[in-house]
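Before any comments, here is the structure.
The values are calculated or read from the model by the stated rules, or taken from the named source; none is laboratory data. Please read all numbers here as calculations on a predicted model, not as lab measurements. Virtual Cβ from ideal backbone geometry, glycine too; neighbours counted across all protein chains shown.
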Ligand SMILES: Cc1cc2nc3c(=O)[nH]c(=O)nc-3n(C[C@H](O)[C@H](O)[C@H](O)COP(=O)(O)OP(=O)(O)OC[C@H]3O[C@@H](n4cnc5c(N)ncnc54)[C@H](O)[C@@H]3O)c2cc1C
């Protein structure tokens, strides 16, 4: 039977990951269809959005969606973490995060994508797919009807429910989340975060005028205990939540096991995974939505590159590198943050989460090998010198400079005009990742000058022929600070 619709890209799932990819691919001129199984708005956990979300909305030309309705901005936070004494972190210090109603937020984004040309099937459940002559044929079930959609790409953004556990590897120990709501007027109007001996607790007013409390603890706590029992035990004795424990209505509670994982073959034959279908993050940072959307923007560039230039290998490498980078940087941040909490290393919950963790898999894939290698590699830390530019410039001006022997030049995919192109990047132990550009300036041509016998001043002067003097000085100091430009003495 011929397909009902032919499109460039079929996206499965209209969470932030799927819809963000749709918006970007539509803006890049592609034909996009999306299947979402639930009618919207549907309930969804994950309403506290980190400040970085704003750049993404500006980039998608969707800024208005964050400013409307009852969303809560400028929430201060009260935190018990490194010590048992509460600290206040002002809204200005926290950055411009926002507390949204996820049902409404996801619906607004999806409506915008439809306005911009998305072909939407909703409610329509993705059931299966097969490859026919290098293209995907997918079966969607809409009520009793089966619809066939043919596409060059499938972007699977089905969230946590979308994949088999055996195709994932855990990147943190599992945690149990238990949550419920109180009337907002019995709790403070701030976000509350508290470390306890057996886990941590997060609470916040919500746009629906309630106060949401979520506890995170080890699944072993449930052995021989009930969910309400564990929840109450975690809240009682805390600084911020003990009153909530007393006034709680038990029937309100919900729970889920929070697995933090990576898919072990996220890209196969033009079938790519996005958002929590690709990887999930420990909820500690409240950056799940931001990271999911950011990764979708990167995946959209990879797809656009193949559709416009056919450079498949480069696109897949770029997609996988960005995914590995996102998982590793988040895991290192999270474990360091767990390590700072006051209960300390003698408590099993905190000890197990204070070091980066990656599980073994019975069937290691090439992607898993790359991920686990990067995971266990010691995190390089560059020098952190405080630089007085005026003084240092005078001191270094006549110093002879050479390039670090640890510096490697490497061809790497860079985003140029929305497609990937190979550029020469530098790789060095003091850089967290390969770097082709600094302040939008291509670095490798600059370093060819520094490769010859030259003083610091001569290098700055040479670069000043093509850059403003102040920028040449900034770049020279950045590279000197990282020990990439080295003084000979
Ligand atoms: C307890 C907990 C607390 C969290 N708190 C935060 C937080 O405070 N801040 C934050 O940023 N993140 C938080 N997160 C993470 C956040 O919820 C996720 O990062 C985010 O929802 C991922 O978006 P997504 O688009 O990948 O998936 P989802 O939002 O889950 O969307 C997937 C969509 O796919 C659809 N779907 C599934 N199967 C099919 C199918 N077969 N056919 C068609 N459609 C299908 C689903 O209906 C759904 O709409 C939290 C997570 C947990 C577990």
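Quick check, is residue 274 under 29 Å from residue 79 (Cα atoms) and either surrounded by fewer than 16 Cβ atoms within 10 Å (Cβ to Cβ) or within 15 Å of the ligand (Cβ to nearest atom) (or both)?
Against the criterion (under 29 Å from residue 79 (Cα atoms) and either surrounded by fewer than 16 Cβ atoms within 10 Å (Cβ to Cβ) or within 15 Å of the ligand (Cβ to nearest atom) (or both)), residue 274 does not qualify.
A quick yes/no check of all residues on (1) farther than 22 Å from residue 386 by Cβ; (2) modelled with pLDDT of 90 or more:
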{"position": "447", "(1), (2)": "yes, yes"}
{"position": "454", "(1), (2)": "yes, no"}
{"position": "468", "(1), (2)": "yes, no"}
{"position": "474", "(1), (2)": "no, yes"}
{"position": "483", "(1), (2)": "no, yes"}
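Can you confirm whether the stretch 107-120 contains a residue that is modelled with pLDDT of 95 or more, assigned to a loop (DSSP other than H, G, I, E, B) and out of contact with any helix residue (DSSP H, G or I) (no Cβ under 8 Å at 6 or more places or on another chain)?
no
What's the number of the condition residue 391 fails, among (1) surrounded by 15 or more Cβ atoms within 10 Å (Cβ to Cβ); (2) more than 26 Å from residue 338 (Cα to Cα); (3) out of contact with any helix residue (DSSP H, G or I) (no Cβ under 9 Å at 6 or more places or on another chain)?
Among (1) surrounded by 15 or more Cβ atoms within 10 Å (Cβ to Cβ); (2) more than 26 Å from residue 338 (Cα to Cα); (3) out of contact with any helix residue (DSSP H, G or I) (no Cβ under 9 Å at 6 or more places or on another chain), residue 391 violates only (1).
Please find, among 301, 358, 306, the residue that is surrounded by 18 or more Cβ atoms within 10 Å (Cβ to Cβ) and part of a loop (DSSP other than H, G, I, E, B).
Within the list 301, 358, 306, the selection yields 358.
Out of the residues in the stretch 1-32 that are more than 10 Å from the ligand (Cβ to nearest atom), over 18 Å from the mean Cα position of the chain (by Cα) and within 12 Å of residue 156 (Cα to Cα), which is surrounded by the fewest Cβ atoms within 10 Å (Cβ to Cβ)?
9
Has the stretch 333-343 got any residue that is outside any helix (DSSP H, G or I), buried (at least 18 other Cβ atoms within 10 Å of the Cβ) and assigned by TED's automatic domain parsing to the domain that holds residue 134?
Looking for residues that are outside any helix (DSSP H, G or I), buried (at least 18 other Cβ atoms within 10 Å of the Cβ) and assigned by TED's automatic domain parsing to the domain that holds residue 134, one finds none in the stretch 333-343, hence no.
For the stretch 302-311, check the following and say yes or no: at least one residue is away from the ligand (no atom under 14 Å from the Cβ) and within 18 Å of the chain's Cα centre (by Cα).
Residues of the stretch 302-311 that are away from the ligand (no atom under 14 Å from the Cβ), as a first pass: 302-311.
Those still in the list that are within 18 Å of the chain's Cα centre (by Cα) too: 302.
Looking for residues that are away from the ligand (no atom under 14 Å from the Cβ) and within 18 Å of the chain's Cα centre (by Cα), one finds at least one in the stretch 302-311, hence yes.
Can you tell me which of (1) under 30 Å from residue 327 (Cα atoms); (2) within 15 Å of the ligand (Cβ to nearest atom); (3) at pLDDT 90 or above is the one residue 264 doesn't meet?
Going through the list (1) under 30 Å from residue 327 (Cα atoms); (2) within 15 Å of the ligand (Cβ to nearest atom); (3) at pLDDT 90 or above, residue 264 breaks only (2).
Residues checked against (1) surrounded by fewer than 20 Cβ atoms within 10 Å (Cβ to Cβ); (2) assigned to a strand (DSSP E or B):
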{"site": "193", "(1), (2)": "no, yes"}
{"site": "203", "(1), (2)": "no, yes"}
{"site": "220", "(1), (2)": "yes, no"}
{"site": "224", "(1), (2)": "yes, no"}
{"site": "228", "(1), (2)": "yes, no"}
{"site": "234", "(1), (2)": "no, no"}
{"site": "243", "(1), (2)": "yes, no"}
